[in-house]
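**Q** What follows is a single structure, and I will ask about it in a moment.
The values are calculated or read from the model by the stated rules, or taken from the named source; none is laboratory data. Since this is a predicted model, take the numbers as computed values, not measurements. Note that each Cβ is placed from the backbone with ideal geometry, even for glycine, and that neighbours are counted across all protein chains shown. Heavy atoms of the whole protein, side chains included, go into the accessibility calculation; ligands, DNA and RNA do not. Shrake-Rupley method; radii C 1.70, N 1.55, O 1.52, S 1.80 Å.
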Amino acid sequence: MKLPAFFRRPPQRLFVFGLDCAAPELVFARWRDDLPTLSRLMRQGYWGRLRSCIPAITVPAWSVMLSSRDPGVLGIYGFRNRADTSYDRMVTATSEHVREQRVWDYLGEAGKRSVVIGVPQTFPVKPLNGLLISDFLTPGRHSPFSYPPQFKEEVLRIAPDYEFDVADFRTDDKAHLLKQIYAMTDARFKVVDALLAKETWDFFIVMEIGVDRIHHGFWSHHDPQHFRYQAGNPYERAIHDYYVYLDRKLGEWLTVLPKDTIVLVVSDHGAQRMDGGVCLNEWLWREGYLSLRQIPETGKLATLEQLSAQGAVDWSRTIAWGSGGYYGRVFLNVKGREPQGVVAPADYDAVRDALAAKLAAIPDHRGRPMRTRVFKPQDIYQQVNGVAPDLIVYFDDLFWRSVGSLGHGAIHTFSNDTGPDDCNHAEDGLFIWYDPRRPGDGQQIEGAQIMDIAPSILRVLGVGVPPVMQGHARF
């Protein structure tokens, strides 16, 4: 018997436009009328906020999204992680640290072909069934950045100036930064254009880091609530215009994608203004947790790593130390774990609880309470692998960052010790899901979280969702 046409339809494809740090408030509200492509996908599909992982940061968030395993299972707690329980060995979390399978690995086992471009933690390159260009952690064009290796030649023929990231997004030279962001994105999109025109695939993902870079570089120029904002400044529309540019490009891609292609637009976390920084190690020193043999002179900033190398840190009397970043990481100096540990294992819980309470009570620079949240890895992760922080700190719901250097002469600072930066991450990213075979009615989906993405992708592409995945298929 001849099957009806519905049952003879070919398997669908899925195209993912990943926008690192894209903010739901901008896409869903403030600029919705200026983004016709995204607005149309929202009207015809499903959309909503996407709760990120803890920590809400690019590494590990994209690996969490595409493996549906939390950071504790992955053993990845940021760009740089403790290599062991010594005081000074840190490693960058590259692809070699991702030991869980990601979407394209499962699809490859099912005989499906993937094209992967720019997804974090794909350098060094690993084989897959398809094509891959590695991420912003790639050292440069001289590196073996593609799979298969010879694909590199084609990429550089299409875009000889292909860049993986901007050279320095924490800079006061805003004109140069903006030029770099557009040049990087243009080159990446040239490669996408060429591949869409000639390649066959089941799953295609391109992740653009430029959204994150333009947010960190220009947020105070567009946000009236930022303390540095000046109305009428020359870069007031820089972020808006970049979003419009991305929306226009997506519209072009939709005209060449097969008509039954599922489209997913997704970000790993959001963005918001940065109100200031809490000098974490300065606070720990003043509170008696961090012991220093030599106190940095005010105004002469030094990292804890530099001070330790100079012998200025007395580890034999240190209870805890921290690291800087968009969130805070605090480590206890535990007997039998760290080389010169002082916290007895029997006292660990009490010391950690007391420290967590003190961190949560730090006020802002005017003495007002902050909405600080302190997390214990064992409470938020299915497993705790690698060398995890003992505490993860979101200062004032991430409106304040953690500053790791010492020498500020105060607990609060309004300059960033790693260079100009106006923006912190927000917990909610976004998603827009459009399936032409099952169009929606513009319904807003509540409660989606980052680990729901991978099982949703596998299910619609006809691949079984592994039981180890922690998220749930929503589409």
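**Q** Using a 1.4 Å probe on the protein heavy atoms, what percent of the accessible area of region 116-222 belongs to carbon and sulfur?
**A** Solvent-exposed carbon and sulfur of region 116-222 make up 53 percent of the total.
**Q** Please list, in order, the residues from region 415-430 whose amide nitrogen is less than 12 Å from a point placed 7 Å along the Cα→Cβ vector of E297.
**A** none
**Q** Using a 1.4 angstrom probe, figure out how much accessible area region 385-462 has per residue, in square angstrom, rounded to the nearest whole.
**A** Per residue, region 385-462 has an accessible area of 29 Å².
**Q** Considering only the other residues whose Cβ falls under 15 Å of the Cβ of G409, what net charge follows from Lys and Arg at +1 and Asp and Glu at -1?
**A** The answer is -1.
**Q** Continuing with this model, one more query. Can you tell me which of 170-178, 415-423 comes out highest on packing, and rank the rest after it, using the mean Cβ neighbours within 10 Å?
**A** Result, highest mean first: 415-423, 170-178.
**Q** What order do you get for 11-20, 342-351 when each peptide is scored by the mean count of other beta carbon atoms within 10 Å, highest first?
**A** In decreasing order of mean packing, 11-20, 342-351 become 11-20, 342-351.
**Q** What is the spin-label model distance, in nm, from N233 to R170 if the labels are put 7 Å beyond Cα along the C-beta direction?
**A** Roughly 1.8 nm, to one decimal.
**Q** I've got another one for you. Where Lys and Arg each count +1 and Asp and Glu each count -1, what net charge lies around H472 among other residues with Cβ under 12 Å from its Cβ?
**A** +1
**Q** What does the accessible area per residue of region 115-155 come to in Å², with a 1.4 Å probe and no ligands, DNA or RNA counted?
**A** The answer is 36 Å² per residue.
**Q** Right, next: Given a 1.4 Å probe and every protein chain left where it sits, what share in percent of the accessible area of region 24-107 is carbon and sulfur?
**A** Using a 1.4 Å probe with all protein chains present, region 24-107 comes out at 43 percent carbon and sulfur.
**Q** Report the local net charge at N385: Lys and Arg +1, Asp and Glu -1, summed over other residues whose C-beta lies under 11 Å from its C-beta.
**A** Residues near N385 contribute 0 overall.
**Q** Can you grab the distance from the C-alpha centre of region 418-453 to the C-alpha centre of region 398-417, Å, no decimals?
**A** 30 Å
**Q** Cut-off under 21 Å on the C-alpha distance; same-chain residues fewer than 8 positions from K259 excluded. Which lysines are left, in chain and number order?
**A** K112, K198, K249
**Q** Once the piece of chain linking K126 and R248 is laid out straight, how much longer is it, given 0.36 nm per residue of separation minus the C-alpha distance between them?
**A** 40.7 nm
**Q** Another one. Between region 287-334 and region 69-100, how many Å separate their Cα centres?
**A** Spelled out, the Cα-based centre of one part sits 21 Å from the other.
**Q** Leaving out ligands, DNA and RNA, what percent of the accessible area of region 308-393 is carbon and sulfur, probe 1.4 Å?
**A** About 50 percent, which is the carbon plus sulfur part of the accessible surface.
**Q** Sorting check: for 459-471, 274-286, which peptide has the highest mean count of neighbouring beta carbons within 10 Å, and how do the rest follow?
**A** Packing proxy ranking, top to bottom: 274-286, 459-471.
**Q** Evaluate the distance, in nm, between pseudo-label points positioned 7 Å from the Cα of R438 and of H240 along their respective Cα→Cβ axes.
**A** 3.8 nm
**Q** Identify the residues of region 404-442 with backbone N under 18 Å of a label point that sits 7 angstrom from the Cα of A110 along the Cα-to-Cβ direction, or state none.
**A** Counting only backbone N, you get 434-438.
**Q** Would you mind getting the accessible area per residue of region 214-314, heavy atoms of the protein chains only, 1.4 Å probe, in Å²?
**A** Per residue, region 214-314 has 42 Å² of solvent-accessible surface.
**Q** Moving to a separate point now. Using 1/(1 + (r/R0)^6) with R0 = 41 angstrom and r between the beta carbons of A346 and K179, what's the FRET efficiency to the nearest 0.05?
**A** For R0 = 41 Å, the calculated efficiency reads 0.10.
**Q** At 0.36 nm per residue, minus the direct Cα-Cα distance, what do D186 and E305 gain on full extension? Give it in nm, one decimal, please.
**A** Extending this stretch completely gives an extra 39.0 nm.
**Q** List the lysines whose Cα lies under 16 Å from the Cα of K376, skipping any in the same chain that are fewer than 8 positions away.
**A** Output for K376: K358.
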